[in-house]
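Input: a single structure, listed below in structure tokens.
The values are calculated or read from the model by the stated rules, or taken from the named source; none is laboratory data. What you see is a predicted model; the values in this text were computed from it and never measured. Here the Cβ positions follow ideal geometry from the backbone for every residue, glycine too, while neighbour counts run over all protein chains shown. SASA here: full protein model, heavy atoms, side chains in, ligands and nucleic acids out. Shrake-Rupley method; radii C 1.70, N 1.55, O 1.52, S 1.80 Å.
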Amino acid sequence: MEIQMQRCGNLFEPLQLPCGLILKNRIAKSAMSDSLGDGTGHPTAEQIRLYQRWAAGGLAVSIIGEVQLTAGYAENPGNLVLDGASELDRFRELARHGGENGTKLWLQLGHAGALAYAPTSNPKGPSALDLPGLRCAEMTLDEMRQLPSEFARTAWLAQQAGFGGVQIHAAHGFLLSQFLSPLFNKRSDEYGGAIANRMRPLLEAIEATRAAVGPDFPIAVKLNSSDQLEGGFDKEDALEVVAALDRSSVDLIDISGGTYFPGAKSASDGTGRGPYFLEFAKRARAVTTKPLMLTGGFKTRAQAEDAVANGAVDIVGLARALVLEPSLPDLWKADRKLEPFFPKFSDPPEGGVTAWYTMRLTEIGADKETPVFGDLGQAIRDYEARNKSRTKIWLRHFANNVVGQP
């Protein structure tokens, strides 16, 4: 029986998901690619400490970004990889510490597809592309039919390792998002064309994952409100997907937007002062009774409180705000630091601001962050150097089992 969600809640009231899980409040740490894996797909001490600190800060849910189903199509050489070859005890330690203080630690299940990190893979997507900065081969039908079982396997392993749930990543231009977008997806088989076909891989992944983990384990989906690209996945298509998700077994729909298509502007690098996708969330509310989470642009407690209080969403997803202040939920609850200070960068290069925030996560995981924000140029150099080092480790470790390696 469908559980009726309580609407117009308080930011610090509990929320029950359809699977029965009760979240202690309405604040989530949205998935970010923290790039803190060790290069073999396993957690590091700094990564474990980072999620432990977020848990101590009062979050209801914390989501680890871009945990790969296989080593072949990773978004970054610092991603985690959870498959049959993984050392599960190392993941259990991450689950244990990141799940302290009543926080539910979830894994975001990722497959970068056409945007896979080229130095460690031969990218494949819905269709072959040969564009400046974006080249990939087309996935075969056999590969497509194998994909749901890969999501299911990683979700089952997450459950065995003690994580509290999973989020299937269908946003930001990664594989399932690519299938949803007409810019990436030119297929003429059952996975291309009409939106009903383009959403098929996502729905198949959900169905297989639910069969693997059972009815009581939370499954969320991260979905773009649009690609924010001419001719891409648009709001009307997105509403159709939300309606289909309403009929599925998912427990939470996390709404975001934008894509890492070369040259596309990231919403998170914009100058807007409010939540980016709030108006779409209000439209989505009309076509689903599933709990809604909204990620992108929340910078103050007032913005978060308003979004929950007016019933537009059930949970607010914070990302960069929690990089600047890991204990923000508890500070908000205590009426302290209602608006963290966000650094401003003049003319940053593409991806530069993301690199700065990623290196800030490294400082938090080492308990070395300071109130003084570091230099953007140095952060970019450090980020690139670490990627180069992790790439060498990745290629050595996965030499015999990286899918698509030449």
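Can you list which of the trypsin sites (Lys or Arg not before Pro) found in segment 1-102 are DSSP loop residues with at most 15 other C-beta atoms within 10 Å? Walk me through the numbers before you get to the answer.
Values: sites: 7, 24, 26, 29, 49, 53, 90, 92, 96; in loops: 7, 24, 26.
Filter output for segment 1-102: 7.
Take the solvent-accessible surface of the protein heavy atoms, probe 1.4 Å, and return the percent of it on the chain that carbon and sulfur atoms account for. Mind showing how you got there, number by number?
Working: 8080 of 15860 Å².
Looking at the chain in its full context, I get 51 percent from C and S.
Calculate how many DSSP beta bridges within the chain are antiparallel, expressed in % of all such bridges and rounded to the nearest 5.
Here the share of antiparallel DSSP bridges comes out near 10 percent.
Give me the percent relative contact order of segment 93-236, please, defined on Cα pairs under 8 angstrom at least 6 residues apart.
Worked out over segment 93-236, it gives 26 percent.
Label-point separation (nm) for residue 385 and residue 235, each offset 7 Å from Cα along Cα-to-Cβ?
Calculated label separation equals 4.5 nm.
Hey, what's the chain come to in accessible area per residue, 1.4 Å probe, Å²? Could you put the intermediate results ahead of the total?
Values: 15860 Å² over 406 residues.
Here the per-residue accessible area is 39 Å².
Quick one: 3J(HN,Hα) in Hz for segment 165-176, Karplus 6.51/-1.76/1.60 with θ = phi - 60°, rounded, Gly and Pro as x.
x, 9, 10, 7, 8, 10, 9, 6, x, 7, 3, 5
In the structure displayed, which of 222/388; 124/186; 299/333 lie more than 21 Å apart, Cα to Cα? Provide the component values of the computation, followed by the final result.
Values: 222/388 29 Å; 124/186 13 Å; 299/333 15 Å.
Over 21 Å apart, Cα to Cα: 222/388.
Run the numbers for residue 372 and residue 249: contour at 0.36 nm per residue of separation, minus the present Cα-Cα distance, in nm.
Details: separation 123, 0.36 × 123 = 44.28 nm, distance 4.51 nm.
Using 0.36 nm per residue and subtracting the Cα-Cα distance, I get 39.8 nm.
Where does the chain land at 222 nm, in deg cm²/dmol rounded to the nearest 500, when only DSSP H runs of n ≥ 4 count, each adding -39500 (n - 2.57), divided by all residues?
Details: 13 runs with 144 residues, N = 406.
Result for the chain: -11000 deg cm²/dmol, rounded to the nearest 500.
Taking the alpha-carbon distance from residue 344 and a cut-off under 17 Å, which aspartates and glutamates remain once sequence neighbours fewer than 8 residues away in the same chain are dropped?
269, 325, 375
What FRET efficiency comes out for residue 140 versus residue 335 if R0 is 45 angstrom and r is the Cβ-Cβ distance? Round to the nearest 0.05.
Details: r = 56 Å, r/R0 = 1.25.
After rounding, the FRET efficiency stands at 0.20.
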